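One structure below.
Just so it is clear, none of the values below were taken in a lab; they were calculated from the coordinates. Quick caveat: nothing in here was measured; it's all calculated off a predicted structure. No Cβ is skipped: glycine too gets one built from the backbone with ideal geometry, and neighbour counts run over all protein chains shown.
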Amino acid sequence: MRALGRVIRRILQALLILVVVLASPVVYVETMCRGSATPASSTPLSAETRPEIRTLLTYPEWHIVHAYDDYAQVIRDGDPHDFSYFRAIFGYWSSLCTLTTEAAALGEIDGGTRQLVYVIGVSFTFEMLMKAAYEETIGRVATIIRGPQHARLDNLSAQQAAEYAAFLQQVPWYRYDFRGDAAALNQVATDAFRDQERAFSLGLEHLARAAYAGVITNAVAATTGFDDLTLQMVVIGLPEEAFTNVDGVSLIAQTDAGLEIETPRYRELTGLLATWADQGAEFIDMAGNDQIMFTATSDAATQPGALASLARQGYGDTRHLFLVPVRELATVLRTLDARGLRLEHIHDY
């Protein structure tokens, strides 16, 4: 009984340590990352408005998207233990601290958004810690037994990771077919030890994600509902045909301020805005807001005016976060090449 008691105490101590580790960054952001700026008043021009502060607070979700993309890039030629899980975790919380501080100039962070970035941050941290614990031990041993050449499931898992990262560019993660990936691993696996190890470990990971995705899907449907997939803005500088001839884009009205249009959101919007800026468009208002954030990559470790700069794993370059006035966005986009920057994503609201 004494031995059992010691085991139980150690388990409880380990759980307590895990809770402290997961809660620490939340406490830090809450207490140490508060800005003092006052939001400037503005008059919305778009009929449908969205909170301006979300242009900053959508980044934490995208940091996770970028982390999966980095991971896919690393394991394409390397192994999972080559990925720095702790750097990915630190990047999430450090960027959230910076953006939370900057958010004071755009408005107050509502309780739902604050809860969201903490929940996904803790979930991401837990996932990365568990993957690090496994891949740095059992996973690393499996690669030693395998030898220097990738096994069949190393290649398949790298392909699945890249497909998942691409999927996240436009669709929420909880809609991904994790069970399909788990089944594909079992179907392709050979009798080789590495293949069996990958099929088992990654299969469990996919099935756990699938179960969690089901919970999140139901929670979203029962609370806030699924996010709107369109955005309204006011644009000038191009004829109506430049917008109405694009799939998914519709003209709402022609106003004194310019053409009011409705567009898709997320990754698709980034491509549209870059194209229209190249064609000579100027953006006057987006969802009633006059500030917007975008990310760009460069070969330099820092960039003037960047809110934050984060090194990308597997790419050998750096991601930079910029907040600019909506009315200056088109001009900024047209000058990125001259500054050695490559547009990555424009964060809508």
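Structure values in brief
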read-out: nm² value of the averaged projected area, convex hull over the Cα atoms of the stretch 47-222; value: 11.0
read-out: Proxy reagent accessibility, fewest Cβ within 10 Å first, across 46, 250; value: 250, 46
read-out: Estimated vicinal HN-Hα couplings, Hz - the stretch 12-19 in sequence order (Karplus 6.51, -1.76, 1.60; Gly, Pro = x); value: 5, 5, 5, 5, 5, 4, 4, 4
read-out: Spacing of the two label points (7 Å from each Cα toward its C-beta) at residue 299 and residue 86, in nm; value: 3.1
read-out: Relative exposure of 63, 347, judged by other C-beta atoms within 10 Å (fewest first); value: 347, 63
read-out: Cα-centred dipole magnitude for the stretch 230-347, charges only on beta-carbon of K, R (+1) and D, E (-1), debye, nearest 20; value: 580
read-out: Built amide H within the under 5 Å cut-off of residue 308, gap 5+; value: 321
read-out: Theoretical gain in end-to-end length, residue 130 to residue 38 [0.36 nm per residue, Cα-Cα removed]; value: 29.1 nm
read-out: Cα centroid of the stretch 240-266 to Cα centroid of the stretch 86-144, whole Å; value: 36
read-out: Gaussian network model of the chain, springs between alpha carbon atoms under 10 Å - residue of 70, 228, 195 with greatest fluctuation; value: 228
read-out: Cα centroid of the stretch 293-315 to Cα centroid of the stretch 9-45, whole Å; value: 24
read-out: Once the Cα gyration tensor of the stretch 248-349 is diagonalised, semi-axes √(5λ) in Å; value: 27, 13, 12
read-out: Inter-label distance, nm, simple model (7 Å from Cα along the C-beta direction), residue 13/residue 200; value: 3.0
read-out: Cα-centred dipole magnitude for the chain, charges only on beta-carbon of K, R (+1) and D, E (-1), debye, nearest 20; value: 1880
read-out: Positive minus negative residues near residue 309 (Lys, Arg vs Asp, Glu; Cβ under 13 Å); value: -1
read-out: Alpha carbon Rg of the stretch 1-88, scaled by the compact-globule rule 2.2 N^0.38 Å; value: 1.80
read-out: If the convex hull is drawn through the Cα atoms of the chain, its volume per residue in Å³; value: 167
read-out: Two-site FRET efficiency, residue 334 against residue 208, from Cβ-Cβ distance with R₀ of 41 Å, rounded to 0.05; value: 0.35
read-out: Amide H within-cut-off set for residue 231, under 5 Å, with H built and near neighbours excluded; value: 263
read-out: Positive dipole terminus of the chain, leading residue within 272, 173, 322 (C-beta point charges); value: 173
read-out: Using a Förster distance of 45 Å, the FRET efficiency for residue 22-residue 250 (Cβ separation, nearest 0.05); value: 0.55
read-out: Kirkwood hydrodynamic radius over Cα pairs of the stretch 157-287, then Stokes diffusion coefficient at 37 °C and 0.692 mPa s, in µm²/s; value: 183
